[in-house]
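Note sheet for the following structure.
The values are calculated or read from the model by the stated rules, or taken from the named source; none is laboratory data. Since this is a predicted model, take the numbers as computed values, not measurements. Reconstructed Cβ throughout: ideal geometry from the backbone, glycine too, with neighbour counts over all protein chains shown. Surface areas here come from the heavy atoms of the whole protein model, side chains and all, with no ligands, DNA or RNA. Shrake-Rupley method; radii C 1.70, N 1.55, O 1.52, S 1.80 Å.
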Amino acid sequence: MSIELAGMSGATAVADGGWSTILWTRGLSIEQPAERANLTAPDLVQTLARDYLDAGAIFLTTNTFGANRWNFARAGVDTSAAEVCGRGADIARQAVGDRNAVVAGSIGPSGKILAVQEVAEDELREEFTAIAEALVEGGADVLVLETFSELREILIALDAVKAATGRPVIASMSFDSGPQRARTMMGATAAECGKALDDAGADVIGCNCGATLPAVVALRAATQRPLWVRPNAGAPELVDGRPVWRRDPVAFVADVMPLIAAGANIVGGCCGAGPEHIAKLAAAVRRRGA
Ligand SMILES: [Zn+2]
């Protein structure tokens, strides 16, 4: 299925939910990056992929969000991020099989801040290029840059990934700061990010993790492109020193429906939103007839 069919035909499309937070609830150790499970526990990853597809997701993201040299170095993991990405895309591709679904290769931010020179632009370009190429080689149809909070970083990633692969790119940032909860952690507004991503040629623009109603309203006003919106399952609560997200599926759907009314075209979940959340959301979208 093409991204145009899924996202631009006027119908609302459903994407999957979170990855690392759900793999942890299914027994994956939190001691290592969840993306390494693509190599160490591929069956666990593929089962969750199938569960998302069975729940009704037609956009399946890969379990590769945090796979990059910076996160792996921080975790003391001596594994190739490109290898983890290639395997992640391959697992998703196999899970999709003959189904009509889009494999979206997930790329997260570096975790470094460009504005204070923690990382160089060339270094970002090189890593995003390597990751994107591995994802496409493994079977990704499109790429999704997600949970970015620094506009300059996502613009570099967008440019590098487009140049390297020529694939459609979904550019999704996190907005949950400021009085309106429509700014990134770095202070950029959803309005200015939406316009900048549109000008830079992102095929789909969105918000995830921080995906508030004011952010969606501002993005909708800033661009005509399809909007990708994947909120968390509520706000995190600290349990034994760890954040957990536990909004139940019915309450989660009640959170998402106003986002569709505000103009979201592709909706799914992020942290704490699992297959049960996506199944309820898919049913609500079908009922809505949108
Ligand atoms: Zn999240």
(message) Using the basic label-point model (7 angstrom from Cα toward the beta carbon), what is the residue 181 to residue 152 distance in nanometres?
(response) 2.9 nm
(request) Give the longest segment of the chain that steers clear of GluC sites (Glu not before Pro) in DSSP loops with at most 15 neighbouring Cβ atoms within 10 Å, not counting the sites themselves. (result) 119-290
(message) Rg and Dmax in Å for region 217-285, alpha carbons only: what are they?
(response) 13.0, 43
(request) Evaluate the Kirkwood expression for the hydrodynamic radius of the chain, namely the inverse of the mean inverse distance over all pairs of different C-alpha atoms, and round to one decimal in Å. (result) 18.4 Å
(message) On the principal axes of its Cα set, how long, how wide and how thick is region 81-161? Give whole Å, largest value first.
(response) 46, 20, 18
(request) On each of the three principal axes of the Cα atoms of region 7-67, give max minus min coordinate, whole Å, ordered largest first. (result) 42, 21, 17
(request) Calculate the spin-label point distance for residue 242 paired with residue 43, positioning each point 7 Å from the Cα along the beta-carbon direction, and give it in nanometres. (result) 2.2 nm
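How about region 65-161: which trypsin sites (Lys or Arg not before Pro) there lie in a loop by DSSP and see at most 15 other Cβ atoms within 10 Å?
99
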(message) If I take the Cα coordinates of region 21-173 and project them onto the principal axes, what are the three extents in Å, biggest first?
(response) 43, 34, 23
(message) Which lysines, if any, have their Cα less than 23 Å from the Cα of residue 112, not counting same-chain residues under 8 positions apart?
(response) 162
(request) Using a Förster distance of 30 angstrom, determine the FRET efficiency expected from the C-beta separation of residue 192 and residue 11, and round it to 0.05. (result) 0.55
(request) Have a look at the DSSP beta bridges in the chain and tell me what percent are antiparallel, nearest 5. (result) 15 percent
(request) Mind checking the per residue accessible area of the chain for me, 1.4 Å probe, whole number of Å²? (result) 40 Å²
(request) Percent of Cα-Cα pairs per 10 Å bin, from 0 to the last occupied bin, for region 57-97, please list those. (result) 30, 45, 22, 4
(message) Test of the criteria: in region 206-290, which trypsin sites (Lys or Arg not before Pro) are in a DSSP loop and have at most 10 other Cβ atoms within 10 angstrom of their Cβ?
(response) none
(message) How high is the relative contact order of the chain? Use alpha-carbon pairs under 8 Å, at least six apart in sequence, and give a whole percent.
(response) 21 percent
(message) If every alpha-carbon in region 1-107 counts as one equal scatterer, what log10 I(q)/I(0) does Debye give at q = 0.12, 0.17, 0.24 1/Å?
(response) -0.40, -0.75, -1.28
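Computing the accessible area with a 1.4 Å probe over protein heavy atoms, can you report the carbon and sulfur percentage for the chain?
That fraction is 51 percent.
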(request) Springs between alpha-carbon atoms under 10 Å, Gaussian network over the chain: tell me which of 33, 179, 42 tops the mean-square fluctuations. (result) 179
(message) Just to be sure I follow: if Rg is taken over the C-alpha atoms of region 160-290 and Rh is the Kirkwood radius over the same atoms, what is Rg/Rh?
(response) 0.99
